[in-house]
Amino acid sequence: MRENIALDIPYPKIEKTIPHFLTIDEYNRILQYFFKKATDFSGLRNLVIIMMLGLLGLRLGSILSLNIEDIDLETGLLQIIDKGRKGRTLIMPGALCRVLSQYLQIHDQKEGPLFLSKRFKRISLHTLQIIFKQSADELGIEKHLHAHLFRHTAATHLNKVAGPVITQHVLGHSYRKNTEKYAHLNPDQYAVYMKRHPYMKGGIT
């Protein structure tokens, strides 16, 4: 019986938990769901939130603390306050700017909280959780929708086209290693690699 040489091969450290993210199709389904409901103030508000979460990967705390003054639609820039009260500027996609413009046109205030509840108070974490659960139930999505899932989604798909440096800036990480936890291994590139792997076509004899 031959000795198994694979036992001596060092393996890379593997994270204990595998980050979950939405596929493009899943995220598009969610966007379409909120787009169809964006017929009033609350509907437009929810669509903007889902776009900010899935396209920019904003932390939930950043979403909840956004003010109208943080938005500059003329330049397409968004001012973010992250952990540790660190400020940074993000470029918003054109689609997000257009929806934001519609939302701000029917917003009663010119300054103050960007996202308001039905009682015209700053939207709460509990309200967002209800929005996530209701949309997942109606869409039949098995994955538990939460802000971190959208953050993983934004990081994964942005990393595919922009690379780790830009992804790190968008996520607001001080250290690259923190970004790597979110922008995990590109699943498309990994699939191509595994198809070419010599041991995928046969075992060790």
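The values are calculated or read from the model by the stated rules, or taken from the named source; none is laboratory data. Predicted model only: the values in this text are computed from it and were never measured. Every residue, glycine among them, receives a Cβ derived from its backbone with ideal geometry; neighbour counts consider all protein chains shown.
Would you mind telling me which numbered condition in (1) more than 18 Å from the chain's Cα centre (by Cα); (2) loosely packed, with under 14 Cβ neighbours inside 10 Å residue 142 fails?
The single condition residue 142 does not satisfy is (1).
State all residues of the range 57-100 that are surrounded by 12 or more Cβ atoms within 10 Å (Cβ to Cβ), out of contact with any helix residue (DSSP H, G or I) (no Cβ under 7 Å at 6 or more places or on another chain) and of a type in the set (S, T, N, Q); if no residue qualifies, say none.
Answer for the range 57-100, where residues must be surrounded by 12 or more Cβ atoms within 10 Å (Cβ to Cβ), out of contact with any helix residue (DSSP H, G or I) (no Cβ under 7 Å at 6 or more places or on another chain) and of a type in the set (S, T, N, Q): 62, 65, 67, 89.
Filter the range 59-76 down to the residues that are of a type in the set (Asp, Glu) and outside any helix (DSSP H, G or I) and list them by number. If you could, list the steps in order and put the result at the bottom.
Keep residues of the range 59-76 that are of a type in the set (Asp, Glu), which gives 69-70, 72, 74.
If the condition is that a residue be of a type in the set (Asp, Glu) and outside any helix (DSSP H, G or I), then 72, 74 are the ones that fit.
Name the residues in the range 73-130 that are of a type in the set (Val, Ile, Thr) and farther than 22 Å from residue 147 by Cβ, would you?
First, the residues of the range 73-130 that are of a type in the set (Val, Ile, Thr): 75, 80-81, 89, 91, 99, 106, 123, 127, 130.
Result: 75, 106.
Applying the selection to the range 98-133, what residues are polar (S, T, N, Q) and more than 14 Å from residue 42 (Cα to Cα)?
Of the range 98-133, the ones polar (S, T, N, Q) are 101-102, 105, 109, 117, 124, 127, 129.
If the condition is that a residue be polar (S, T, N, Q) and more than 14 Å from residue 42 (Cα to Cα), then 101, 109, 129 are the ones that fit.
Quick one: would you say residue 158 is under 19 Å from the mean Cα position of the chain (by Cα), closer than 22 Å to residue 41 by Cα and in contact (Cβ under 8 Å) with a residue 12 or more places away in the chain?
Working: under 19 Å from the mean Cα position of the chain (by Cα): yes; closer than 22 Å to residue 41 by Cα: no; in contact (Cβ under 8 Å) with a residue 12 or more places away in the chain: yes.
For residue 158, the condition - under 19 Å from the mean Cα position of the chain (by Cα), closer than 22 Å to residue 41 by Cα and in contact (Cβ under 8 Å) with a residue 12 or more places away in the chain - is not met.
Somewhere in the range 42-55, is a residue part of a loop (DSSP other than H, G, I, E, B) and among the aliphatic types (A, V, I, L, M)? Before you say what the answer is, go through the steps one by one.
Here is the first cut: in the range 42-55, the residues part of a loop (DSSP other than H, G, I, E, B) are none.
For the range 42-55, residues part of a loop (DSSP other than H, G, I, E, B) and among the aliphatic types (A, V, I, L, M): absent.
What pairs come up if the first residue lies in the range 18-45 and is of a type in the set (Lys, Arg), the second is assigned to a loop (DSSP other than H, G, I, E, B), and their beta carbons are under 8 Å apart, counting only those six or more places apart or on different chains?
29/141; 45/115; 45/123
Here is a list of conditions, (1) part of a helix (DSSP H, G or I); (2) farther than 19 Å from residue 23 by Cα, and residue 152 meets all of them except one; can you say which number that is?
(2)
Please go through the range 1-46 and pick out each residue that is loosely packed, with under 15 Cβ neighbours inside 10 Å, at pLDDT 90 or above and of a type in the set (Val, Ile, Thr).
If the condition is that a residue be loosely packed, with under 15 Cβ neighbours inside 10 Å, at pLDDT 90 or above and of a type in the set (Val, Ile, Thr), then 39 is the only one that fits.
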